[in-house]
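Report on the structure given below.
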Amino acid sequence: MKLKSLIKCCGLITFGLVTSSVMTNVNAEIKVKGSASLEQRIFLDSPEQSTYPVSDSYPYPVYHQLSAALSPHIEASSKKNNMVYTVHPFVRIDERDDERTHIDLREFKAALVTQKWEASIGFDQVHWGVMENHHLVDIVNQTDYLESPNGEDKLGQPMFRLGIDLKGALLEAMLLVGYREPALPTLGARFSFENDYSYEYAGWGEEYHPDVAFRYSKSAKNIDVGVSYFGGHTRTPELLKSAVGEPIWYVNLVDQISIDIKADLNRIILKGEVLYKIVESKSTRAAVLGAEFRLLQTKNIGVNLLSEYSWDQHGKEALDNSFQNDIFAGVRVTLNGLNNSELLIGHNYDFDFGSQHGFVQAKVNVTKALSVGVEGWWFNINDDDYANKSYNDDNMIQLTGYYNF
């Protein structure tokens, strides 16, 4: 068992003991919600024969993939001692991919909450930014690539977090210990990356080198602004090759300063994210600018048009070249009369590589307890686009049934 897994187990036992004590001695309020789901993926294309060994347990190639997931969210709070305990595990069992069968603690924390400040310790999730397609400044949590190619799902991150209310503004400070490697499918499986190498870390303490993050955010009328700093291990490792031995994933130390802003101008919402970061001796400036136009707004339906442009000063040589000179267009349809069901359609084009991909995501809430999800992805990736080319044969339709509780 890895050290990080052992820490999780010890933390789970500790959390159970503390929570039991709280509920025994204090009149605690407990809230339980979440979902259980059954998912079927259908792949439309035959993948190219992998040049890397595939696990013996993986039936290569795969055209359909069935899995089940459970995501409960439990919160126990007490007004008497101002404590809030949260546990949010995520469990998936996959019939094909052993790596996709996994357990993660999205949240697992104890928080002391007052009117002026809040302090918490444990596994937590922090999301920065305002964009729909490219989350440029979102760096605190590592990505869970086992769930979706869009990078929306994040792994829980061990941290100490302090938030202070500054009369309408929020100042946050975070201390993060324990680097979490990206959660990846089995080598050679669908949506997997070609390279499966060991990790090495810059700085003392290796993967336990502490990271720090600070954020100031404020809302004034129709404008939301966030200014953030992150110092620590980058969430996008660099592949280093040598003449002798296997390549390695090298996790550099990064200093990142960023600003995100959203302005709601009635029919139009303007959005932007800008960052400046230094990785070793290389600095990077990058930005994402976008707009959301409310085309139709009625009591039962809402239609919004989306657009974004992503830019990185280093172009093809960017540290993360997934969105270095890209344009995105999409449409979001919200069906308020159908239990707030939603449809999202998007298309992304890369001007440097000529690569493109598109997606359709729909979730229909049949009742408060039952939902049906439909998701589709298609890819046309240039061979020079090394960050995304492994997805080229993974065009997919995904059907999901949810039970919400």
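The values are calculated or read from the model by the stated rules, or taken from the named source; none is laboratory data. Keep in mind it's a predicted model, so treat the numbers as computed, not measured. Virtual Cβ from ideal backbone geometry, glycine too; neighbours counted across all protein chains shown. Just the protein is used for accessible areas: all its heavy atoms, side chains included, with ligands, DNA and RNA removed. Shrake-Rupley method; radii C 1.70, N 1.55, O 1.52, S 1.80 Å.
What number of residues within the range 368-405 are in a strand (DSSP E or B) and among the hydroxyl-bearing types (Ser, Thr, Tyr)?
Number of matching residues: 4.
Looking at this structure, is SER355 surrounded by 15 or more Cβ atoms within 10 Å (Cβ to Cβ) and within 19 Å of HIS134 (Cα to Cα)?
For SER355, the condition - surrounded by 15 or more Cβ atoms within 10 Å (Cβ to Cβ) and within 19 Å of HIS134 (Cα to Cα) - is met.
Any residue at all in the range 184-197 that is touching an Asp or Glu at 6+ places or on another chain (Cβ under 9 Å), at positive phi and of a type in the set (A, V, I, L, M, F, W, C)?
Looking for residues that are touching an Asp or Glu at 6+ places or on another chain (Cβ under 9 Å), at positive phi and of a type in the set (A, V, I, L, M, F, W, C), one finds at least one in the range 184-197, hence yes.
In the range 247-259, what count of residues is obtained for those that are aliphatic (A, V, I, L, M), under 14 Å from TYR229 (Cβ atoms), out of contact with any Ser or Thr (no Cβ under 6 Å at 6 or more places or on another chain) and open to solvent by less than 70 Å² (accessible area, probe 1.4 Å)?
Result for the range 247-259: 1.
Tell me whether the range 260-273 contains one or more residues that are more than 30 Å from ARG332 (Cβ to Cβ), at pLDDT 95 or above, open to solvent by less than 70 Å² (accessible area, probe 1.4 Å) and touching a strand residue (DSSP E or B) at 6+ places or on another chain (Cβ under 7 Å).
Within the range 260-273 (the criterion being more than 30 Å from ARG332 (Cβ to Cβ), at pLDDT 95 or above, open to solvent by less than 70 Å² (accessible area, probe 1.4 Å) and touching a strand residue (DSSP E or B) at 6+ places or on another chain (Cβ under 7 Å)), the answer is no, since none of the residues qualifies.
Report the residue count in the range 115-146 for those that are surrounded by fewer than 21 Cβ atoms within 10 Å (Cβ to Cβ) and under 24 Å from ARG92 (Cα atoms).
Selection size over the range 115-146: 5.
When you look at TYR201, is it aromatic (Phe, Trp, Tyr), surrounded by 17 or more Cβ atoms within 10 Å (Cβ to Cβ) and in contact (Cβ under 8 Å) with a residue 40 or more places away in the chain, yes or no?
Against the criterion (aromatic (Phe, Trp, Tyr), surrounded by 17 or more Cβ atoms within 10 Å (Cβ to Cβ) and in contact (Cβ under 8 Å) with a residue 40 or more places away in the chain), TYR201 qualifies.
Name the single residue that is surrounded by the fewest Cβ atoms within 10 Å (Cβ to Cβ) among those in the range 54-79 being at pLDDT 95 or above and more than 17 Å from GLY34 (Cα to Cα).
Here the answer is LEU66.
Which of (1) of a type in the set (Gly, Ala, Ser); (2) touching an Asp or Glu at 6+ places or on another chain (Cβ under 6 Å); (3) under 25 Å from GLY358 (Cα atoms) does SER77 not meet, given it meets every other one?
Among (1) of a type in the set (Gly, Ala, Ser); (2) touching an Asp or Glu at 6+ places or on another chain (Cβ under 6 Å); (3) under 25 Å from GLY358 (Cα atoms), the lone unmet condition for SER77 is (3).
Pull out all pairs, ordered by first then second residue, where Cβ-Cβ is under 7 Å, the residues are six or more apart or on different chains, the first lies in the range 142-156 and is farther than 15 Å from PRO237 by Cα, and the second is part of a loop (DSSP other than H, G, I, E, B) and of a type in the set (Ser, Thr, Tyr).
Hits for this filter: zero, empty list.
So is MET174 within 22 Å of SER228 (Cα to Cα), free of Cβ contacts under 8 Å to residues at least 40 places away in the same chain, under 20 Å from the mean Cα position of the chain (by Cα) and open to solvent by less than 50 Å² (accessible area, probe 1.4 Å) or not?
No, not satisfied.
Going by what's in this entry, would ASN336 be described as closer than 26 Å to LEU70 by Cα, in contact with a Ser or Thr (Cβ under 9 Å, 6 or more places away or on another chain), surrounded by fewer than 16 Cβ atoms within 10 Å (Cβ to Cβ) and without any contact (Cβ under 8 Å) to a residue 40 or more places away in the chain?
no
Any idea how many residues of the range 285-313 are part of a strand (DSSP E or B) and open to solvent by 80 Å² or more (accessible area, probe 1.4 Å)?
6
Taking the range 225-246 only, how many residues are surrounded by fewer than 17 Cβ atoms within 10 Å (Cβ to Cβ) and at positive phi?
Of the residues in the range 225-246, 1 are surrounded by fewer than 17 Cβ atoms within 10 Å (Cβ to Cβ) and at positive phi.
Would you tally the residues in the range 247-303 being within 21 Å of SER322 (Cα to Cα) and among the charged types (D, E, K, R)?
Count: 8.
May I ask you to list the residues in the range 314-330 that are under 23 Å from ARG235 (Cβ atoms), open to solvent by less than 50 Å² (accessible area, probe 1.4 Å) and either assigned to a loop (DSSP other than H, G, I, E, B) or in contact (Cβ under 8 Å) with a residue 40 or more places away in the chain (or both)?
Within the range 314-330, ALA318, ASN321, SER322, PHE323, GLN324, ASP326, PHE328 qualify.
Would you mention how many residues in the range 377-393 are in contact with a strand residue (DSSP E or B) (Cβ under 7 Å, 6 or more places away or on another chain) and among the acidic types (Asp, Glu)?
Residues in the range 377-393 being in contact with a strand residue (DSSP E or B) (Cβ under 7 Å, 6 or more places away or on another chain) and among the acidic types (Asp, Glu): 1 in total.
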